[in-house]
Amino acid sequence: MTIRLFNTLTNSIEELKPADGEALGIYACGPTVYDYGHIGNFRTFLHVDVLRRTLELFGTKVRHVMNITDVDDKIIRNAAAANLPISEYTPRFEKAFFEDLNALSVAHPSKVARATEHINEMVTLIMRLAEQDIAYKTEDGSWYFRIAKFPGYGKLSKKDFSGIADGARVDVDEYDKDSARDFALWKAPKPGEYRWETELGPGRPGWHIECSAMAMEYLGESFDLHAGGEDLMFPHHENEIAQSESATHKSFARHWFHVRFLLVEGRKMSKSEGNFYTLRDLLLKGYKASAIRFLLTSVPYRQQLNFTFEGLAAETGAVERLRTFYQRLKNTKWPEDGSNASVVDAAAVARQKFHAALANDLNTAEARAAIFDLVRTVNAAADAGSLFKGDVTAVLDVLADFDKIFVALEDNDSKWTRFALEWAEREGCLDKASPEVLAQLSLSDAQIDVLIEERNQARRTRNFARADAIRKELLEKGIILEDSKDGVRWKRK
Ligand code: AMP
Ligand code: ZN
């Protein structure tokens with residue numbers, strides 16, 4: 001199956017296929033590692049993950065390259081404030097970023113490329129531009145890109161820059177969304193700032209040249225798809241195109257994939273508005289990693305997602321329903337002497353709709369709906385006593401496909417909550433944790449097992465008062481016990 005996907009560059013929906021017929025090259029702009037990732041960032045990384053997983057489900061090999069921006073204005077500023085060299089400041093945030101991706105079940109890129117490890121490639125690219133007089137050096141020793149020399153400037157963001165003043169410059173990494181200026185390729189160092197000594201002179205790279213150089217290094221001068229959040233379309237991606245195509249005279253990325261921003265409670269997320277959340281903030285409030293993934297992928301990537309706590313609670317319930325269904329299918333001994341044609345049909349329809357929704361510009365909302373329809377039909381058949389082993393196998397097969405994209409069935413949630421707690425304890429920010437989550441700190445899995453065994457013993461000797469007291473003590477610490485035929489099971493609240 002082939003995906004049809006919206007391409008920002010051509011403003012149309014197109015089939016996405018690897019140009020070399022073998023592996024589809026994706027370059028996704030990675031994080032700037034100066035702080036912990038927030039849920040807006042993760043919405044973008046999760047939709048790139050959905051794209052990659054869908055391609056793989058449909059049988060296309062993917063080469064997924066992601067950069068780490070480990071030098072830029074903000075990093076230099078924050079590292080100086082923390083009194084650390086940047087090489088000691090960024091690794092903890094890079095590590096935290098990959099831990100967060102793991103918690104959200106985002107597949108690791110095939111190649112992670114750090115900016116500071118590709119300075120030579122960037123210098124070579126700037127030299128190629130300098131040879132054509134497209135890069136020029138200013139009195140302070142910085143190098144700029146002359147946008148008047150690139151007639152295609154604005155073709156991605158569809159901005160008209162025909163009347164721009166030649167030579168107007170901007171030297172910061174982030175700048176005004178509507179003005180076109182010659183932008184910095186290489187920045188001369190300010191006094192005391194870290195610098196690389198290169199044939200361009202001392203200094204450090206600008207943000208945009210980083211992605212051009214690393215994308216071409218790992219995917220070639222022309223490649224299949226470039227991804228990022230919608231804010232990167234201009235100036236970052238526009239500048240990447242200008243630099244790369246001016247140097248190579250070839251088209252850079254064929255397909256551009258942009259994820260719309262996430263809002264929180266209807267507003268732009270910001271620290272000053274008090275609606276800014278990192279993944280760790282949510283885990284410490286007791287929300288499950290799986291539900292966060294489920295919510296952040298629920299709305300298709302070209303629509304805005306409005307994050308609310310009600311929405312997150314609903315997704316928690318949805319994940320729970322799916323898991324209960326999955327366990328029911330796996331753990332019941334279904335009769336083998338028959339088949340329910342309507343279940344087998346429903347499974348085939350759900351699979352077809354699920355694949356078709358993903359193939360149609362990654363419509364995650366419809367893909368999920370197809371599976372929830374199946375859950376309802378199959379539960380009804382099971383309740384009516386007309387579900388058979390062969391039918392269940394067909395349904396489990398569809399669920400397996402579903403899980404390759406949404407990754408919700410296996411329960412690792414308490415592991416990640418515990419991980420966040422241990423991190424908060426080390427960082428001295430346990431005040432972020434809700435009382436129920438905090439209660440988990442005091443009990444390890446082994447300690448819980450000991451208490452459960454003690455409760456079993458109390459029940460065997462008919463000491464029900466003691467058994468109840470243990471159940472109550474565990475509940476206060478956020479542990480729920482479930483008595484069943486096969487013994488006692490527990491889960492964290
Ligand atoms: P940064 O670390 O700021 O460079 O951002 C990493 C990625 O997250 C980029 O692809 C951004 O476009 C994306 N991003 C930032 N804020 C949001 C948001 N509120 N919603 C969705 N994506 C975002
Ligand atoms: Zn980039």
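The values are calculated or read from the model by the stated rules, or taken from the named source; none is laboratory data. Note that the structure is a prediction, hence the values are computed from the model and not measured. In this analysis, Cβ positions are derived from the backbone assuming ideal geometry, glycine residues included, and neighbour counts consider all displayed protein chains. In case anyone asks, the SASA skips ligands and DNA or RNA and just uses the protein heavy atoms, side chains included. Shrake-Rupley method; radii C 1.70, N 1.55, O 1.52, S 1.80 Å.
Which numbered condition in (1) within 13 Å of CYS211 (Cα to Cα); (2) more than 12 Å from ligand 2 (Cβ to nearest atom) is the only one that THR248 fails?
(1)
Out of LEU55, LEU51, I need the residue that is away from ligand 1 (no atom under 14 Å from the Cβ) and of a type in the set (A, V, I, L, M). Which one?
Being away from ligand 1 (no atom under 14 Å from the Cβ) and of a type in the set (A, V, I, L, M) holds for just one of LEU55, LEU51, which is LEU55.
ASP140 passes all but one of (1) free of Cβ contacts under 8 Å to residues at least 60 places away in the same chain; (2) open to solvent by less than 30 Å² (accessible area, probe 1.4 Å); which number fails?
Single failed check for ASP140: (2).
Taking the residues in the stretch 205-240 that are aliphatic (A, V, I, L, M) and within 16 Å of ligand 1 (Cβ to nearest atom) as candidates, determine which candidate is most open to solvent (accessible area, probe 1.4 Å).
If we take residues in the stretch 205-240 being aliphatic (A, V, I, L, M) and within 16 Å of ligand 1 (Cβ to nearest atom), then MET233 is most open to solvent (accessible area, probe 1.4 Å).
Looking only at the stretch 253-269, count every residue that is more than 19 Å from the chain's Cα centre (by Cα) and in a loop (DSSP other than H, G, I, E, B) and tell me the total.
Count: 2.
Please determine, by comparing only the residues of the stretch 152-165 that are within 29 Å of THR10 (Cβ to Cβ) and more than 34 Å from the chain's Cα centre (by Cα), which one is surrounded by the fewest Cβ atoms within 10 Å (Cβ to Cβ). If you could, list the steps in order and put the result at the bottom.
Restricting attention to the stretch 152-165, the residues satisfying the condition of being within 29 Å of THR10 (Cβ to Cβ) are 152-164.
Going one step further and asking which of them are more than 34 Å from the chain's Cα centre (by Cα), we end up with 162-164.
Working: SER162: 9, GLY163: 6, ILE164: 16.
Step by step, filter the stretch 152-165, then rank; the result is GLY163.
Go through the stretch 178-222 and give me each residue that's more than 16 Å from ligand 2 (Cβ to nearest atom), touching a Gly at 6+ places or on another chain (Cβ under 8 Å) and without any contact (Cβ under 8 Å) to a residue 60 or more places away in the chain.
ALA180, ASP182, LYS187, ALA188, PRO189, ARG195
Looking for something touching a strand residue (DSSP E or B) at 6+ places or on another chain (Cβ under 9 Å) and buried (at least 19 other Cβ atoms within 10 Å of the Cβ) - is there at least one such residue anywhere in the stretch 304-325?
Scanning the stretch 304-325, I find at least one residue that is touching a strand residue (DSSP E or B) at 6+ places or on another chain (Cβ under 9 Å) and buried (at least 19 other Cβ atoms within 10 Å of the Cβ), so the answer is yes.
Against the definition (within 16 Å of ligand 2 (Cβ to nearest atom), in contact with a helix residue (DSSP H, G or I) (Cβ under 6 Å, 6 or more places away or on another chain) and charged (D, E, K, R)), how does GLU230 come out, yes or no?
No, not satisfied.
Does ILE68 meet the test of being in the same structural domain as ALA184 (by TED's automatic domain parsing), part of a strand (DSSP E or B) and either modelled with pLDDT of 95 or more or of a type in the set (A, V, I, L, M, F, W, C) (or both)?
Yes, satisfied.
Can you spot a residue in the stretch 242-258 that is open to solvent by 10 Å² or more (accessible area, probe 1.4 Å) and within 13 Å of ligand 1 (Cβ to nearest atom)?
So far as the stretch 242-258 goes, yes, one or more of its residues are open to solvent by 10 Å² or more (accessible area, probe 1.4 Å) and within 13 Å of ligand 1 (Cβ to nearest atom).
Filter the stretch 66-94 down to residues that are away from ligand 2 (no atom under 16 Å from the Cβ) and not β-branched (Val, Ile, Thr), then give me how many there are.
15
For ASN7, state whether it is open to solvent by less than 50 Å² (accessible area, probe 1.4 Å), of a type in the set (S, T, N, Q), more than 16 Å from ligand 2 (Cβ to nearest atom) and closer than 28 Å to MET269 by Cα. Walk me through it before giving the result.
Numbers: open to solvent by less than 50 Å² (accessible area, probe 1.4 Å): yes; of a type in the set (S, T, N, Q): yes; more than 16 Å from ligand 2 (Cβ to nearest atom): yes; closer than 28 Å to MET269 by Cα: yes.
Here the answer is yes, as ASN7 does meet what is asked.
When the residues of the stretch 110-137 are narrowed to those that are farther than 26 Å from ILE26 by Cβ and hydrophobic (A, V, I, L, M, F, W, C), which ends up most open to solvent (accessible area, probe 1.4 Å)?
The residue in question is MET127.
Could you tell me whether ASN78 is modelled with pLDDT of 95 or more and assigned to a helix (DSSP H, G or I)?
Criteria not met by ASN78.
Mind counting the residues in the stretch 427-460 that are open to solvent by 80 Å² or more (accessible area, probe 1.4 Å) and under 25 Å from the mean Cα position of the chain (by Cα)?
So the answer is 2.
A quick yes/no check of all residues on (1) more than 15 Å from ligand 2 (Cβ to nearest atom); (2) at pLDDT 95 or above; (3) surrounded by fewer than 20 Cβ atoms within 10 Å (Cβ to Cβ):
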| site | (1), (2), (3) |
| --- | --- |
| LEU24 | yes, yes, no |
| TYR27 | no, yes, no |
| ILE39 | yes, yes, no |
| VAL50 | yes, yes, no |
| GLU56 | yes, yes, yes |
| LYS61 | yes, yes, yes |
| HIS64 | no, yes, no |
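Would you confirm whether any residue within the stretch 348-362 is charged (D, E, K, R), assigned to a helix (DSSP H, G or I), closer than 24 Å to LEU57 by Cα and open to solvent by 20 Å² or more (accessible area, probe 1.4 Å)?
Checked against the condition, which is being charged (D, E, K, R), assigned to a helix (DSSP H, G or I), closer than 24 Å to LEU57 by Cα and open to solvent by 20 Å² or more (accessible area, probe 1.4 Å), the stretch 348-362 yields at least one hit.
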